[in-house]
1. Considering only LEU33, GLN180, PHE155, whose Cα is most displaced toward the positive end of the charge dipole of the chain, charges sitting on Cβ of Lys, Arg (+1) and Asp, Glu (-1)?
2. Can you order the peptides 201-214, 41-54, 163-176 by their average number of other Cβ atoms within 10 Å per residue, highest first?
3. Hey, of [x] 21; [y] 41; [z] 24, which did the structure itself give for percent of Cα pairs over 34 Å apart when calculated?
4. So what is the 222 nm mean residue ellipticity for the chain from helices alone, if each DSSP H run of at least 4 adds -39500 (n - 2.57) and you divide by all residues, rounding to the nearest 500 deg cm²/dmol?
5. Ordered by residue, what ³J(HN,Hα) values in Hz, to whole numbers, does segment 124-141 give under the Karplus form 6.51 cos²θ - 1.76 cosθ + 1.60, where θ = phi - 60° and Gly and Pro are x?
6. Work out from phi, with θ = phi - 60° and the Karplus expression 6.51 cos²θ - 1.76 cosθ + 1.60, the ³J(HN,Hα) of each residue of segment 210-225, listed in order in whole Hz, and give x for Gly and Pro.
7. Specify which residue in the list LEU209, VAL220, GLY197 is farthest towards the positive end of the charge dipole of segment 158-229, using unit charges on the beta carbon of Lys, Arg (+1) and Asp, Glu (-1), about the Cα centre.
8. If you count, for each residue, the other Cβ atoms within 10 Å and average over each peptide, how do 127-133, 229-235, 140-146 line up from highest to lowest?
Amino acid sequence: MLEPAADPIEPPVASPPAVLPLDRAAAALEVILCSGFPTQFVVASVLTTFGMRMRLADGRLSPTFVFSLTLADTLLLVGLIAFFFRAHRESLRLELFGSRATARDVALGLVLIPASFGLIVIVLLLLGVSAPALHNVAHNPLTDLVKTRTDAILFALVVMIAGGVREEIQRGFVLRRFEQYLGGGAAGLVIFSALFGLGHVEQGYDVALATAVLGAFWGVVYLTRRTVLPAMIGHAGFNLAQVIKFVALGTG
């Protein structure tokens with residue numbers, strides 16, 4: 001009599017390695033240092049030490065100070081992120097941009113430009129109807145930075161590099177560290193989007209909330225596509241369009 005065949009033995013499923021408390025603490029420190037606030041504080045302190053002032057005599061933001069701050073902070077922050085990736089024997093290019101850029105990623109980035117505008121308009125309209133008190137800043141202070149054609153060109157370069165490049169590299173790094181050590185990408189998306197919104201609170205509470213939503217939108221794109229390239233193109237294009245709007249309409 002033939003004996004029934006034995007059930008095949010399933011290979012054991014390897015469980016992911018446990019995250020050590022020391023690794024979690026180190027990742028949290030990296031995220032804090034790369035959150036944008038410490039590096040901007042350091043750069044601003046250096047600039048003021050050398051005699052630069054944040055505001056002009058009439059109270060407006062100083063274009064020279066803002067441009068110097070954002071560009072220097074971009075170099076410092078991206079360099080710091082590259083250092084942390086290297087310390088973990090990781091590749092910044094592979095972790096943030098994937099194995100190679102594709103035409104689909106570029107096309108998606110171009111689509112994100114109008115999509116980002118549509119999202120921010122919808123959020124601001126909803127906030128204007130449901131919570132009008134959040135519109136507490138009538139005049140966007142960033143418009144004071146664009147008074148001449150030279151100002152507009154410099155500001156366009158700054159917002160594309162510091163916004164589109166720096167902030168998306170920063171967002172990708174923070175989300176990656178949350179995925180690896182700090183409770184998952186979703187938690188990182190919520191926390192970093194809130195910080196991203198707080199960084200724009202000088203433009204108004206409504207703009208800060210709308211910006212947080214927009215940052216979450218770009219973060220979802222990174223978590224889905226595993227490359228910051230589409231969000232980088234969309235963010236840079238969105239910022240450039242904002243500068244064009246400042247120049248064309250003279251409003252924030």
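Just so it is clear, none of the values below were taken in a lab; they were calculated from the coordinates. These numbers were taken from a predicted model, which means no experiment stands behind them. Note that we place each Cβ from the backbone using ideal geometry, even for glycine, and neighbour counts take in every protein chain shown.
1. The Cα lying farthest towards the positive end belongs to PHE155.
2. 163-176, 201-214, 41-54
3. [z]
4. The helix contribution divided over the chain gives -22000 deg cm²/dmol.
5. 5, 5, 5, 5, x, 7, 8, 9, x, 5, 6, 7, 9, 10, 6, 10, 5, x
6. 5, 5, 4, 5, 5, x, 5, 4, 5, x, 4, 4, 5, 5, 7, 8
7. Working it through, the farthest residue towards the positive pole turns out to be VAL220.
8. Going by the mean number of other Cβ atoms within 10 Å, highest first, we get 229-235, 140-146, 127-133.
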